[in-house]
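Here's the structure, in structure tokens; my notes come after.
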Amino acid sequence: MNRLSVLAVGALVLGLAGTGWAQKSVSETVASKVTATIETIDSTNRLIALKTDDGKVETFEAGPEVKRFNDLKVGDKVTFHYTESLAFDLRKPGEASKAGGGGASGSRGTGPKPSASFYKMETATVTVEAVDPTVPSITVRGEDGNKITHKVKEENRKALDGVKPGDRIDISYTETLAIDVVAPKSK
């Protein structure tokens, strides 16, 4: 089964405690932010070493898509804003899907320092094959025909109330990444 179906079942099973299926639509978002300082730049090999506030250093290769590589300077602060969200809608057999298509895009910033943003969305529909409230567990089949069964945590058992075989779940998985670079503040 593809990654999207696995994520959807995980979110379904873990993320619905207390929401109730009467709501029909559920979404969950996780966001993180990391700021690092450019420690070294290897212009010949297009390598950038970034040091985070906790002292970890990682080196990254800036591919040809980084058009303003020469605008980067040692001491610049680089901030990564990452967001991951999962949304799903329960629908009954015969009810039309609300899921849109997937896609990806990216854009470069135009400020004094390099910046960029990226967006990727995948959509899928799974069909509920079985619900076992005694275990508790749910089995779904993806559009590719593969099935996955996932055990529901006891405290999330109520999330399965009202869900039955034949129900369809539309899933949208979205990732965004924004990268900003700013020059260090003058002292």
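The values are calculated or read from the model by the stated rules, or taken from the named source; none is laboratory data. All values reported here derive from a predicted model rather than from experimental measurement. Here Cβ is always computed from backbone atoms with ideal geometry, including for glycine, and neighbour counts include all displayed protein chains.
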Original post:
Got a sec? Which of VAL135, VAL131, VAL126 is among the hydrophobic types (A, V, I, L, M, F, W, C), in contact with a strand residue (DSSP E or B) (Cβ under 7 Å, 6 or more places away or on another chain), outside any strand (DSSP E or B) and surrounded by 12 or more Cβ atoms within 10 Å (Cβ to Cβ)?
Top reply: VAL135
Original post:
Can you tell me which residues in the stretch 102-138 are within 21 Å of the chain's Cα centre (by Cα), more than 22 Å from PRO64 (Cβ to Cβ) and of a type outside the set (S, T, N, Q)?
Top reply: GLY102, GLY103, MET121, GLU122, ALA124, VAL126
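Is there a residue in the stretch 99-115 that is surrounded by 17 or more Cβ atoms within 10 Å (Cβ to Cβ) and modelled with pLDDT of 80 or more?
Within the stretch 99-115, one or more residues are surrounded by 17 or more Cβ atoms within 10 Å (Cβ to Cβ) and modelled with pLDDT of 80 or more.
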**OP:** Collect the residues in the stretch 41-83 that are in contact with a helix residue (DSSP H, G or I) (Cβ under 9 Å, 6 or more places away or on another chain) and under 21 Å from ALA178 (Cβ atoms), keeping them in residue-number order.
**Re:** ILE48, ALA62
**OP:** Inspect the stretch 68-85 for any residue being over 25 Å from VAL152 (Cα atoms), surrounded by 14 or more Cβ atoms within 10 Å (Cβ to Cβ), polar (S, T, N, Q) and at pLDDT 80 or above and give the result as yes or no.
**Re:** yes
Original post:
How about the stretch 155-187: which of its residues are over 16 Å from the mean Cα position of the chain (by Cα) and hydroxyl-bearing (Ser, Thr, Tyr)?
Top reply: SER186
Original post:
Within the set of pairs 6+ apart or on separate chains, which have a first residue in the stretch 48-65 that is assigned to a strand (DSSP E or B), a second that is basic (Lys, Arg) and surrounded by 14 or more Cβ atoms within 10 Å (Cβ to Cβ), and C-beta atoms under 7 Å apart?
Top reply: VAL57/LYS51; GLU61/ARG46
Subject >> In the stretch 116-138, residue modelled with the lowest pLDDT [restricted to those that are in contact with a helix residue (DSSP H, G or I) (Cβ under 7 Å, 6 or more places away or on another chain) and not hydrophobic (A, V, I, L, M, F, W, C)] >> reply: GLU122
Original post:
Where residues in the stretch 139-187 are closer than 28 Å to PHE69 by Cα and basic (Lys, Arg), which of them is surrounded by the fewest Cβ atoms within 10 Å (Cβ to Cβ)?
Top reply: LYS187
Subject >> For ASP42: the one exception among (1) in contact with a Ser or Thr (Cβ under 9 Å, 6 or more places away or on another chain); (2) of a type in the set (Asp, Glu); (3) surrounded by 13 or more Cβ atoms within 10 Å (Cβ to Cβ) >> reply: (3)
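Which residues, counting only those in the stretch 144-166, are farther than 24 Å from THR29 by Cβ and in a loop (DSSP other than H, G, I, E, B)? Step through it out loud before you land on a result.
Step one: of the stretch 144-166, the residues farther than 24 Å from THR29 by Cβ are 144-147, 149, 151, 154, 157, 161-162, 164-166.
The answer is ASP144, GLY145, ASN146, ASP161, GLY162, LYS164, PRO165, GLY166.
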**OP:** May I ask you to list the residues in the stretch 122-137 that are out of contact with any Lys or Arg (no Cβ under 7 Å at 6 or more places or on another chain) and closer than 16 Å to ASP89 by Cα?
**Re:** GLU122, THR123, ALA124
